[in-house]
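Q: A single structure is presented below for examination.
The values are calculated or read from the model by the stated rules, or taken from the named source; none is laboratory data. Since this is a predicted model, take the numbers as computed values, not measurements. Note that we place each Cβ from the backbone using ideal geometry, even for glycine, and neighbour counts take in every protein chain shown.
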Amino acid sequence: MSDFTNGFWNIYIAVLTIISIIGCGLLLWSQSKVRMEKQPGEDPASVGTTGHIWDVDLTELNTPMPRWWMWLFYITIVFALAYLFLYPGLGTYAGKLGWKSSDAYQSELKKAEAEYGPLFNKYLQQDIKAVAADPQAHVIGERLFLTYCAQCHGSDARGSKGFPNLTDKDWLYGGDPEVIKTTILHGRNGQMPSMAAALGSDKDVENVAHYVLSLSDSTHDPIKAVFGKSKFAMCAGCHGAAGTGNQALGAPNLSDKIWLYGGGVETVMETIRKGRNNTMPAFETFLGEAKVHVLAAYVWSLSNAPSNADQK
Amino acid sequence: MDKLSPDLAIVKMYSAREEIYPREIKGRYASLRWICLWLTQLVFYGLPWLNWNGRQAVLFDLGARKFYIFGIVLWPQDFIYLAALLIISAYALFLFTAVAGRVWCGFACPQTVYTEIFLWIERRIEGTRSARMRLDRQSWSLQKALKKSGKHAAWAALSIWTGLSFVGYFTPIHALMGEVLAMGLGPWEAFWIAFYSFATYGNAGWMREQVCKYMCPYARFQSAMIDKDTLIITYDRQRGEPRGAKGKDAQNGDCIDCSMCVQVCPTGIDIRNGLQYECIGCAACIDACNSVMKKVESPPGLIRYSTERAITSRLSLAEMRRRVLRPRVLAYMALLVLIIAAFFTALAMRTPLKIDVIRDRGVMAREVEDGMIENVYRLRIMNTGETPHRFHISVAGIDSITLATPPEVDIDGATTRAIPVRVRINPGKGAHGSSTIVFEVTAVDDPAVEVREKAVFFVPR
């Protein structure tokens, strides 16, 4: 691929490169011998200077380099030409071998796959709960988690604002091993629409917020909550009449004290007013199913298996 | 080619190499060189075969980035030791050069050592200097072909063994030899064996003194470290000149102009012309001249180790030796002793444990049960020793600071593990903003294995 918009520059560079290489060879060849004047009767073999004279009598002695040195120089020229013929280097010419850096990356991936593939495939044949009980798989899962998941969910998997805690029993989409695996494989896109227009005035939003907080017995104003209760019907479609959420939709349970974006009145009002949009990326193409399988086992074990307690 | 006018000559700027046929010589310095040769080569060829605690004693595992040297395992983080080793080597080179010129070149440099071995093979197969010169002048015959091919076969065999030994430092040599026997070498192993073998064969068989004269940077800068009080191989001009047969002319000096010193020289120079950059300090000419002096019943030492000042000012041996211990040499010695002591102290006191503390960036701090403030870190614990340990993690620095994750982890020998840890303080403790805390990781079974590492704890406003 060329970054130039005009094909001229590729040719310009290619021609310049070739001329330079050939020019180096010609220079070397033309300068390997010099002609010089000799004094009458002098033996040509004994001439000890290059014939260059400056400032009347300053002569340059000829201390010849070894000939193999010159041959090394010619070899580099041959190498350069062969290289430019075989590999990409001349303008947009792709080279006879068709070598690409992206192919080199792919072949490295293949090599790694050949080396580690059997191990991961062994785990892929096992049930996720069985993998979770395997200490070696636990260490592998931990490494994978720290490399690919910890940026958002934290090294301890306890999440932060907008990124769910994976160590508790509260799951947006369900905490069964297979569901966790599906979540990692295909990602999730959690959307809560803005409810401001549907609810009506800002006062209504505040009332609903207080009602939502009352569900988990968080700090709230009981009077405002009473007013908000009727309006909550609009939210029940996703969050359920009792506000216990719906894992099929990824609608959070509002009746516990676990908040993805925070549980203060202001934050809940902001959530209702503006909605929320959250994405967990899909890892299937990036990591492959076998690694995700081990990863799912690790994530599941964080809130389930006894191996969490005696973390080795 | 066009005809040159009679007053023009063609001067070649590159010249063909003139073959040098060093004559074999026996003597004190030749023996010394053979001793050095045996010592260095026994180490080089033998070391990969030594075992230590069930593994190869010296192995540089580039793939796993672990470097095993007898009882110690070095990690890339220990690169400083390699730097120290190179500094020690450099100072040793300075010291030896300041005292006795290019002794490294003459007695220990692989280029000299392998050339010596290759020459030894050449002499056994092709014969003495004159026989070799005669053989090279001859036209091709069956005998010549046999001798030449025999020599190259012997050289190649030794070279390949050298290449195998070299790669044996990077791939376990037992496995390597197994692969060789089963014809199952990996492409890179095969490449490096071929490369090192070819380098040995080419440098010691073909290039020889050309390496010293045109390739080696040490050759040039060692010459710059020589001064008037450095022991160098010197021809005593005052005693030797004018040259000529002994007793033929009363004026004649001790040099009988037999040219033995030139014939034995591996770089083909005449030491009687004084110190030259080609001289590698091998002292072959001293041995040669002394053997001749003995035959003509003159005192030895016409060519000898002496200093420039000793020759020009006619210093006595004691005076010359005293001057060798000049401030420069003493300074080099002091520095060398100091660095070597520091190197071994550091190596002995090295803890086979390293930790990196990486603060989680996703969450600065969070409030947990009872208003406690929690920070999350990732501890990369590197057990750089070979024994597995159970490590105990503790944290200090702020009042009431505790670890909220299990404090003990098991880590195998020569393995790294990243452990997520949560650290908490009670509400109201610790200043707002960042404070310094210290993690301490200790091996449960060996309290000497202990490392502390600083980190930052953040308390939000």
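Q: Given the conditions (1) farther than 30 Å from B:ARG65 by Cα; (2) at the interface with chain A (Cβ under 10 Å from one of its Cβ atoms); (3) surrounded by 14 or more Cβ atoms within 10 Å (Cβ to Cβ), and given that B:ILE411 satisfies all but one, which numbered condition is not satisfied?
A: B:ILE411 satisfies every listed condition except (1).
Q: Any residue in the stretch B:121-139 that is over 16 Å from B:ALA153 (Cα atoms) sitting within a Cβ distance under 6 Å of a residue that is not charged (D, E, K, R)? List the pairs, counting only those 6 or more apart or interchain.
A: B:ARG129/B:TYR21; B:ARG132/B:TYR21; B:MET133/B:TYR21
Q: Looking only at the stretch B:356-370, decide whether some residue is β-branched (Val, Ile, Thr), closer than 30 Å to A:CYS149 by Cα and modelled with pLDDT of 90 or more.
A: yes
Q: Given the conditions (1) in a strand (DSSP E or B); (2) within 14 Å of chain A (Cβ to nearest Cβ), and given that B:ARG361 satisfies all but one, which numbered condition is not satisfied?
A: Result: B:ARG361 passes all but (1).
Q: Here's a follow-up. Pick from the stretch B:148-190 the residues that are at pLDDT 95 or above and among the charged types (D, E, K, R): which of them is farthest from B:VAL43 (Cα to Cα)?
A: So, considering only residues that are at pLDDT 95 or above and among the charged types (D, E, K, R), the one farthest from B:VAL43 (Cα to Cα) is B:LYS148.
Q: Sticking with this structure for a sec: Quick one: count up the residues across the stretch A:246-273 that are touching a residue at least 60 places away in the same chain (Cβ under 8 Å), surrounded by 19 or more Cβ atoms within 10 Å (Cβ to Cβ) and in a loop (DSSP other than H, G, I, E, B).
A: Of the residues in the stretch A:246-273, 4 are touching a residue at least 60 places away in the same chain (Cβ under 8 Å), surrounded by 19 or more Cβ atoms within 10 Å (Cβ to Cβ) and in a loop (DSSP other than H, G, I, E, B).
Q: Considering the stretch B:369-382 alone, what residues qualify as being within 18 Å of A:PHE163 (Cβ to Cβ) and either of a type in the set (Lys, Arg) or at the interface with chain A (Cβ under 9 Å from one of its Cβ atoms) (or both)?
A: If the condition is that a residue be within 18 Å of A:PHE163 (Cβ to Cβ) and either of a type in the set (Lys, Arg) or at the interface with chain A (Cβ under 9 Å from one of its Cβ atoms) (or both), then B:GLU374, B:VAL376, B:TYR377, B:ARG378 are the ones that fit.
Q: Let me spell it out: the conditions are (1) away from chain B (no Cβ under 14 Å); (2) surrounded by 13 or more Cβ atoms within 10 Å (Cβ to Cβ); (3) in a loop (DSSP other than H, G, I, E, B), and A:GLU113 meets all of them except one. Which number is the exception?
A: Looking at each condition in turn, A:GLU113 falls short on (3).
Q: Can you pull out the residues in the stretch B:63-84 that are aliphatic (A, V, I, L, M), under 17 Å from the mean Cα position of the chain (by Cα) and not in a helix (DSSP H, G or I)?
A: If the condition is that a residue be aliphatic (A, V, I, L, M), under 17 Å from the mean Cα position of the chain (by Cα) and not in a helix (DSSP H, G or I), then B:ILE69 is the only one that fits.
Q: Among the residues of the stretch B:163-196, count how many are among the hydrophobic types (A, V, I, L, M, F, W, C), assigned to a helix (DSSP H, G or I) and free of Cβ contacts under 8 Å to residues at least 24 places away in the same chain.
A: 8
Q: Right, next: Out of B:LEU338, B:LEU403, B:LEU317, B:LEU379, which single residue is of a type in the set (A, V, I, L, M), assigned by TED's automatic domain parsing to the domain that holds B:ALA83 and out of contact with any helix residue (DSSP H, G or I) (no Cβ under 9 Å at 6 or more places or on another chain)?
A: Just one listed residue meets the conditions, B:LEU338.
Q: Quick one: in the stretch A:138-178, which of the residues that are away from chain B (no Cβ under 11 Å) and over 19 Å from A:LYS291 (Cα atoms) is surrounded by the fewest Cβ atoms within 10 Å (Cβ to Cβ)?
A: Checking each candidate, the answer is A:LYS169.
Q: Part of a strand (DSSP E or B) and either among the charged types (D, E, K, R) or surrounded by 16 or more Cβ atoms within 10 Å (Cβ to Cβ) (or both): does that describe B:ASP370? Working first, answer last.
A: On the way: part of a strand (DSSP E or B): no; either among the charged types (D, E, K, R) or surrounded by 16 or more Cβ atoms within 10 Å (Cβ to Cβ) (or both): yes.
It is false that B:ASP370 is part of a strand (DSSP E or B) and either among the charged types (D, E, K, R) or surrounded by 16 or more Cβ atoms within 10 Å (Cβ to Cβ) (or both).
Q: Would you confirm, using the coordinates I've provided, whether B:THR402 is closer than 14 Å to B:GLY385 by Cα and among the hydroxyl-bearing types (Ser, Thr, Tyr)? Before the answer, list the steps.
A: Values: closer than 14 Å to B:GLY385 by Cα: no; among the hydroxyl-bearing types (Ser, Thr, Tyr): yes.
Spelling it out, it is not the case that B:THR402 is closer than 14 Å to B:GLY385 by Cα and among the hydroxyl-bearing types (Ser, Thr, Tyr).
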